[in-house]
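Structure first, then comments.
The values are calculated or read from the model by the stated rules, or taken from the named source; none is laboratory data. What you are looking at is a predicted structure, and each value in this text was computed from that prediction instead of being measured. Cβ sites come from the backbone with ideal geometry, for glycine too, and all protein chains shown count toward neighbours. When the accessible area is computed, the model is the full protein with side chains, heavy atoms only, and any ligands, DNA or RNA have been set aside. Shrake-Rupley method; radii C 1.70, N 1.55, O 1.52, S 1.80 Å.
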Amino acid sequence: AQTVTQSQPEMSVQEAETVTLSCTYDTSESNYYLFWYKQPPSRQMILVIRQEAYKQQNATENRFSVNFQKAAKSFSLKISDSQLGDTAMYFCAFPYSGNTGKLIFGQGTTLQVKP
Amino acid sequence: KAGVTQTPRYLIKTRGQQVTLSCSPISGHRSVSWYQQTPGQGLQFLFEYFSETQRNKGNFPGRFSGRQFSNSRSEMNVSTLELGDSALYLCASRRVANTDTQYFGPGTRLTVL
């Protein structure tokens, strides 16, 4: 079965500091994609970053970067220079059987950025 | 380019009624997926439509149905509403390929009384 696990239900970080959110997954697929989405209090789901499994280089989008460990099936999100606007729930997501139209989501990590 | 839009944003219904939610994808996107989000179950996949055909279906009862129109707009219908159907319903669109990223709408908050 394909599963996604986020083991940190809640985290907090001081503004301007760095925080890492963890995600592990299980799949027998060899080529796939992984996503991090954020859901702020407005409930709008926003794409943060995407990683292709065939790429060895970790994806980066401004202050957001991932640490992708394919053998360990680990996909963590690092947020540098945290800002108050980063306060949100973060979801790790994985396409079921390689189909990005059907995503399997982790349970989510609620991140609070404190001033 | 306009994002995914969903209407209505909020709905209040009573048990036994039915409801129809609408989703307009990003221009040029042909695939629309629907998800249900609840505090207890998290985010769960309902179904995906592409070219007016259902491609995938999640593990939901037959009361949940959907359709897609030729302009890629999609609707989902829930009949005989139950209290447990209270949730945030999210739709997402993508261009075509299985590798394309999904982009989400703001959601419809359904409350069943």
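Comparing the chain by itself with all protein chains present, which residues of the stretch B:34-54 are at least 40 Å² less accessible (probe 1.4 Å)?
B:TYR35, B:GLN37, B:LEU43, B:PHE45
When the scattering of the stretch A:17-115 is computed by the Debye formula from its Cα atoms alone, each counted once and equally, what is log10 I(q)/I(0) at q = 0.12, 0.19, 0.24 Å⁻¹?
Log10 I(q)/I(0), no solvent term: -0.36, -0.89, -1.37.
Considering only protein heavy atoms, what per residue accessible area in square angstrom results for chain A with a 1.4 angstrom probe?
On the way: 5420 Å² over 115 residues.
With the other protein chains kept in place, chain A gives 47 Å² per residue.
How many Å² of accessible surface get buried when B and A come together, counting both sides, probe radius 1.4 Å, rounded to the nearest 100?
Summed over both sides, the interface buries about 1700 Å².
Amide H to amide H under 5 Å from A:VAL66: which residues, 5+ apart in sequence or cross-chain, H placed 1.01 Å off N in plane?
A:ALA59, A:LYS78
Please list, in order along the stretch A:52-59, the HN-Hα scalar couplings obtained from phi with the Karplus expression 6.51 cos²θ - 1.76 cosθ + 1.60 (θ = phi - 60°), rounded to whole Hz, x for Gly and Pro.
8, 5, 7, 8, 6, 6, 6, 6
On average, how many beta carbons from a partner chain sit within 10 Å of the beta carbon of a residue in A:70-78?
0
Do any residues of the stretch A:21-61 lose at least 20 Å² of accessible area when the full set of protein chains is present rather than just their chain alone, and if so which, with a 1.4 Å probe?
Residues meeting the cut-off: A:TYR33, A:TYR37, A:GLN39, A:ARG43, A:GLN44, A:MET45, A:LEU47, A:ARG50.
Can you compute the radius of gyration and Dmax for the protein assembly as shown, using only the Cα atoms, both in Å?
17.5, 52
State the volume of the convex hull built on the alpha-carbon positions of the stretch B:8-113, expressed per residue in Å³ and rounded to an integer.
On the way: hull volume 9.9 nm³, N = 106.
So the per-residue Cα hull volume is 93 Å³.
For the stretch B:73-82, in order, what is each residue's ³J(HN,Hα) by Karplus, 6.51 cos²θ - 1.76 cosθ + 1.60 with θ = phi - 60°, in whole Hz (x at glycine and Pro)?
Residue by residue, the stretch B:73-82 yields 4, 10, 10, 10, 10, 10, 9, 6, 4, 10 Hz.
Rounding to the nearest 20 debye, state how big the charge dipole of the stretch A:1-113 is about its Cα centre with +1 on each Lys and Arg Cβ and -1 on each Asp and Glu Cβ. Walk me through the numbers on the way to the answer.
Numbers: 9 positive and 9 negative charges, 63 e Å.
Roughly 300 debye for the stretch A:1-113.
Can you pull the mean other chain C-beta count within 10 Å for peptide A:102-111?
Mean inter-chain Cβ contacts per residue within 10 Å come to 4.
List the trypsin sites (Lys or Arg not before Pro) within the stretch A:13-72 that DSSP assigns to loop and that have no more than 12 neighbouring Cβ atoms inside 10 Å.
When the trypsin sites (Lys or Arg not before Pro) of the stretch A:13-72 are filtered for loop state and at most 12 Cβ neighbours within 10 Å, A:LYS55 remain.
Quick one: how many lysine pairs in the protein assembly as shown have C-alpha atoms under 22 angstrom apart, if they're 8 or more apart or on different chains?
Going through the protein assembly as shown pair by pair, I get 14.
Calculate one ³J(HN,Hα) per residue across the stretch B:53-65 by plugging θ = phi - 60° into the Karplus curve 6.51 cos²θ - 1.76 cosθ + 1.60, and present them in order as whole Hz with x for glycine and proline.
Rounded to whole hertz, the list is 10, 6, 9, 9, 9, x, 8, 10, x, x, 5, 9, 9.
Find, among the trypsin sites (Lys or Arg not before Pro) in the stretch B:33-113, those assigned to loop by DSSP (not H, G, I, E, B) with at most 13 other beta-carbon atoms within 10 angstrom. Walk me through the numbers on the way to the answer.
Numbers: sites: B:ARG55, B:LYS57, B:ARG63, B:ARG67, B:ARG73, B:ARG94, B:ARG95, B:ARG109; in loops: B:ARG63, B:ARG73, B:ARG95.
Qualifying residues, ordered by number: B:ARG63.
Could you tell me which of B:GLY84, B:SER22, B:TRP34 has its Cα farthest along the dipole of the stretch B:1-101 towards the positive end, charges placed at Cβ (Lys, Arg +1; Asp, Glu -1), taken about the Cα centre?
So the residue furthest toward the plus end is B:SER22.
Please sort by residue number the chymotrypsin sites (Phe, Trp or Tyr not before Pro) in the stretch B:11-94 whose DSSP state is loop and whose Cβ has at most 16 other Cβ atoms within 10 Å.
Numbers: sites: B:TRP34, B:TYR35, B:PHE45, B:PHE47, B:TYR49, B:PHE50, B:PHE64, B:PHE69, B:TYR89; in loops: B:PHE69.
Loop-located and lightly packed - B:PHE69.
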